[in-house]
Amino acid sequence: MGTCLFWCRLNAYLFLLVYNKDYILTFSTLFINLFRSRSIEQQEGNTLPTIMPELWQYIFSYLDFEGVLAARSVSSDWNKLITGFRQAGIVGVENKPCHIIDTSGWVKVKEVDFKYSNLKKDLTPATIPSFIFYHLMGHVRNLAQSWWPYLQGNNIHTLGLSWNHLGDQGAIVLAQHLQGTNVHTVDISDNQIGDQGLEGFAKHLQETNVHMVVLSRSEIGDQGAEGFAKHLQGTRVHVVDLSMNKMGDSGAEALAKHLQGTQVHTLDLSMNKIGDQGAEALAKHLQGTNLQEIDLRFNQISDRGAIALAQHLQKTNIHTLNLKSNKIGAQGAIALVQHLKDARIHTLDLCENKIKDAGVIALAQYIKGTSVHTINLSKNKISVLGAMELAKHLQETNVHTLNLGYNLIRAGQLVKHLQGTRVHTLNLNGNNIDGQGVIALTQYLEGTNVQELCLGDNQMGAEGAIRLCKYLQSTNLEKLGLGSNEIGNVGAIELAKLLQDTNVHTLDLSMNEIDDVGAIGIVQHLQGTKVKELRLSFNEIGTEGAIGIAQHLQGTKVQELDLGHNRIDEEGAMQLGKYLQGTTVHTLDLRSNQIEDGTQQLLQQQYPHIKWWF
C-alpha cells in the first residue's frame, strides 16, 4: 500500500472516530490489519499526519488491547505517545509511563497469575516490561509483596491473593498500598489473618477504590468481625464475603451493629455456624442499612430464626435472601412468606431444608401479592401433592423461576397447572422422571411459558428423551437440560434430529455415555437448528470425536461448546482448534482432558479469537 494512500485512509477513519464514536471497533480493526506487520524500524522514516499529539493520545485511548499493540509498532513517535518512551522494550517498574488519558481500555481481559513458575522466575519488578505492567494487566493473582508499592498508576483492578500466607502484617501492608490505586476487588481468603490484622486491613481501606473484599476461610471470630465492620464507614466497600469463618451468633450480631452508615449491599455469611440467636440479632439491625442481598447458607437457623428474619424484612432494602441448607421447617417457611407482602424480597432460596408438603401448601397461599419472582424449594421432600398445590397458586403471581429439583414430583401434574402462569424457568432435576413421566409432561408443556426446562439426573433414557423432543416444536422451550439420563449414542443422535424447527438454542447432554460416534452424530444434525450452546462434558469423547465435531460445526450456529472431562488428547485439541476456523464458535471448554500446559498456551496463541477453558 502506498504511503500517501495509507495516510489518507487513516485520516478518514480518524475523522469519523472524532465525530462518531460508533467507529471505534472499525478503527481498532484497521490498526490491527494495517500495522501488525510493520516494525518500528520499517516505519522510522515516516512522519505522523499533522495532528496534535494530544488528539492522537485521545484517539489511542479508544483502542483495545490488540489495537494499541499494533499502533505502537508504527513509529517511535507513536510508541512514545502510547508508552511514554521513544525506545521500545523499556523494562522495570521504576520506568513509569506518564499519561493524561484513560488507558483502561487497553487491559488484556485474561487473568495473569504470577504463581506460574515461568512468570515467577523470569519476571521481577526490575525486568518486567513497564508498558505491560502499567497498562495491560487488569486481573492479577499471587502478586508478591515486592510489587505492591507500584500498584499506583497502573490498570490492575482485581487482586487475587488467597493462599499467600499474608498474616496480620501482610494484610495491613497490602491495604496501605491500595490507597490511590485502581484496585476495586481484593481476595485475601485463606491467609491466616487474625483479628488484629483484619481490623488493621479495614482501617486502611479509607481513600481506596476497593468495593469488594473476599475474606472467606480466615478463621474470623466475633472480635474480628466487629473490628472489620466498624471501620467500613467512609469506605467504598459494598460487597463483603465472610463465608466459611467462625463467627457464630455473637459474631453475626457484632458485625450487624456496624453496618448502618456503610455502603455494604451484599453480605455473604454462609457456613459460619450462625443459629437462631445470631439470625435474630442480625435481623434487628437490617433496617437502616443498605443491605440488598444476604447469604446465610449452610448455617444452623431453624424456624425461630426464620421467623425473626421475617418480622424485620419490612422496611429494609433486602431483595435476595439465601437460607439454603439450614433447619427451617414448615412453620419458618410460612412465616417468611407471610411477611413478604410489604417487603422487597424477589429471590428466596430455601433449598435443602425441612419444609415438606405441609410447608409448601401453606406457603403457596401467601405468595400471591409478594414481589417474589424466583424461589428455590429443591431438596425439601416435596411430593406431587405439594407441588400441585404450589402450581395452582402461581396464577397472578410474579414467580417466573421455580426450582423443585430433587423432590418426589411427577412432572405431568405439575406442568398441567403452570399454564397461565409466568413461569419460564422450571427445574425438575433428580425427580425420578422416567419415560412414562415424560409422556405426562409433554401433554401439558404446550401452552405454558416455560422456556428453560431442567430434567437432568432423572431416568428417562433414550426413549424418554426422544419422546420429549418430538413435542418441542409446539412449545416455547429454548433451553433444555438432559444431563445424566443414560441417553447414549442412539438417543442423542435421534434427539438432535428432532431439534429442527424448534426454538431450542441451548442443549445439555453431559454425563450421558456418549462416545465419538454419538458426538459426531449429534453435531451432524445441528445444521438448520437454532442451537448456539452445546454441552457434552463428562462423556466418553476422544480425539476422533473432537475432530469430527469440529469438522461438522461448519454451517451451524454453535457459539459455545463444552467438551470438558472427556478423553481428548493434545492432537485432538490441536485439530479441534484447526477445524474450528470458519465456524461461529467463540468459547470452548476443554477442562480436565489430556492436554498439557504447553499445548494449552499454543492453542491460545494460535486461535486468540476463541475463549479457551482448560
**Prompt:** Cα convex hull of the stretch 114-201: how many Å³ per residue?
**Reply:** 86 Å³
**Under-5 Å amide H pairs with residue 218, H placed in peptide plane, nonlocal only** = 190
**Complete:** Cα-based Rg/(2.2 N^0.38 Å) for the stretch 458-614, rounded to two decimals, is 0.99
**Prompt:** How much of the accessible area of the stretch 137-300, probe 1.4 Å, is carbon plus sulfur, in whole percent?
**Reply:** 42 percent
**Prompt:** Between residue 86 and residue 113, what length in nm is gained on full extension when 0.36 nm per residue of separation is reduced by their alpha carbon distance?
**Reply:** 6.8 nm
**Share of Cα-Cα pairs in the stretch 137-300 lying beyond 25 Å, as whole percent** = 25 percent
**Fill in**
For residue 578, the aspartates and glutamates lying under 12 Å Cα to Cα, once residues fewer than eight places off in the same chain are dropped, come out as none
**Complete:** Dipole check, the stretch 508-614, charges on Cβ (K,R +1; D,E -1), about Cα centroid: among 534, 546, 510 the Cα furthest to the positive pole belongs to 534
**247, 271, ranked by accessible area, largest first (probe 1.4 Å)** = 271, 247
**Prompt:** Hey, what did the stretch 215-364 get for relative contact order, percent, Cα under 8 Å, at least 6 apart?
**Reply:** 18 percent
**Complete:** For residue 327, counting only aspartates and glutamates whose alpha-carbon sits under 17 Å away and dropping same-chain residues fewer than eight positions off, the answer is 249, 276, 280, 295, 303, 349, 352, 357
**Asked** Whose amide H sits under 5 Å from the amide H of residue 433, counting only residues 5 or more places off or on another chain, with H placed in the peptide plane?
**Response** 459
**Asked** In the structure shown, do any of 203/315; 354/479; 230/341; 416/532; 379/611; 557/611 have a Cα-Cα gap over 24 Å, and if so which?
**Response** 203/315; 354/479; 230/341; 416/532; 379/611
**Message:** To make sure I understand the rule: partners must be aspartates and glutamates, Cα under 18 Å from the Cα of residue 96, and not fewer than 8 residues away in the same chain. Which ones qualify?
**Reply:** 77
**Asked** Kirkwood hydrodynamic radius (Cα pairs, Å) of the stretch 349-406?
**Response** 11.1 Å
**Message:** So, for the stretch 137-300, what is the accessible surface per residue at a probe of 1.4 Å, expressed in square angstrom?
**Reply:** 38 Å²
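The values are calculated or read from the model by the stated rules, or taken from the named source; none is laboratory data. Just so you know, these numbers come straight off a predicted model, no measurement behind them. FYI the Cβ positions are ideal-geometry reconstructions off the backbone, even for glycines, and counts take in every protein chain you see. In case anyone asks, the SASA skips ligands and DNA or RNA and just uses the protein heavy atoms, side chains included. Shrake-Rupley method; radii C 1.70, N 1.55, O 1.52, S 1.80 Å.
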